[in-house]
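Undergrad: Okay, here's the structure, questions in a sec.
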Amino acid sequence: MASLKDMRVRIASTKATQKITKAMQMVAASKLRRAQTAAEAARPYAEKMDAVISNIATAAAGSPGAPALLAGTGNDQVHLLLVCTGERGLSGAFNSSIVRLARERALSLTGQGKEVKIFCVGRKGYEQLRRQFDKQIVEHLDLKSVRQLGFINAEDIAKKVLARFDAGEFDVCTLFYSRFKSVISQIPTAQQIIPLVVVEAPAANAGPSTSYEYEPEEDEILTRLLPRNLAVQIFRALLENNASFYGAQMSAMDNATRNAGDMIRKQTLIYNRTRQAQITKELIEIISGAEAL
């Protein structure tokens, strides 16, 4: 059994850890509000961008001059997985859930005879994926030095992806990130961004359909709009990831603080019982010695 001194050191160490986890929880809570606001503000723009492109793409369907970002290369043999994770840990299953989804997709594609390439954005995803897919990782981007995420960061990533696509390095690109739902719920999401998946808007129940005329032609509009949409979708994923990270970290640190409190109570109880047993033993020895005299 540990001595009383060891128990006191252990209790003091647990209390120090509890103070750290409590401070991290408060910091995550303060940053979560701004990150959540930014993520929710980006959703309407990204969704409207999807709607506009879907409308134009539907009008340009079947056109021989459709951009490759929309029509694809005509093949799906080589897949690029754009995996966006966090730069830091201590956030529960936030990073591992995204990596797990990407790993399952990579193994599924490999089992189908497809070639898989991985583009990692974030240190934690890279550290986990390189253990199994070191040869498949073609690029790693670290955002640790970025104090505040901006659209320029998403544009840089989009330019790198587009350069590889124009060079014919892959046929299909899928974006992996965690969509923020609430503090205790973050949903790992896989979204195909190249070629763009066009979802036709449901027909209205009432009223005649509206016919649009585009100037310039649909293909020219899409050629300019699709690269912009790629950067928008990546920016949205980065913002969703940022909010999800702070939400997951806040929950993880709250659980750690509670667990530390339980450990302190148990350790204190054991310490008091051990101390009382030693005091009782010493009293018995003193009384026995006095009676012997």
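Undergrad: With springs only between Cα atoms under 10 Å apart, run a GNM on the chain and tell me which of 168, 72, 86 wobbles the most.
TA: For the chain, modelled as a Gaussian network with Cα springs under 10 Å, the answer is 168.
Undergrad: Looking at 286, 167, 140, which one has the Cα that reaches farthest to the positive end of the dipole of the chain (charges on Cβ: Lys, Arg +1; Asp, Glu -1)?
TA: Projecting each Cα onto the dipole axis, the largest value belongs to 286.
Undergrad: May I pose another question? Relative to the longest principal axis of the C-alpha atoms of the chain, give the angle of the C-alpha long axis of helix 151-166, reported between 0 and 90° and rounded to the nearest 10°.
TA: Roughly 60 degrees, rounded to the nearest 10.
Undergrad: So, in nm, how far is label residue 43 from label residue 191 when the simple model puts each one 7 Å beyond its Cα toward the Cβ?
TA: Here the answer is 1.2 nm between the modelled labels.
Undergrad: Using Cα pairs closer than 8 Å and at least 6 residues apart in sequence, work out the relative contact order for the stretch 113-184, in percent.
TA: 25
Undergrad: Taking the dipole about the Cα centre of the stretch 121-198, with the C-beta of Lys and Arg at +1 and of Asp and Glu at -1, give me whichever of 177, 151, 195 is farthest to the positive side.
TA: 177
Undergrad: Kindly rank 256-262, 94-100 from highest to lowest mean number of other beta carbons found within 10 Å of each residue.
TA: Going from most to least packed, we get 94-100, 256-262.
Undergrad: Tilt of helix 4-59 relative to the longest C-alpha principal axis of the chain, in degrees (0 to 90, nearest 10)?
TA: 10
Undergrad: Restricting to Cα pairs below 8 Å that are 6+ residues apart, what does the relative contact order work out to for the chain? Please round to a whole percent.
TA: Answer for the chain is 33 percent.
Coordinate-derived values only; no laboratory data. No experiment lies behind these values; they were computed from the predicted model shown. Cβ sites come from the backbone with ideal geometry, for glycine too, and all protein chains shown count toward neighbours.
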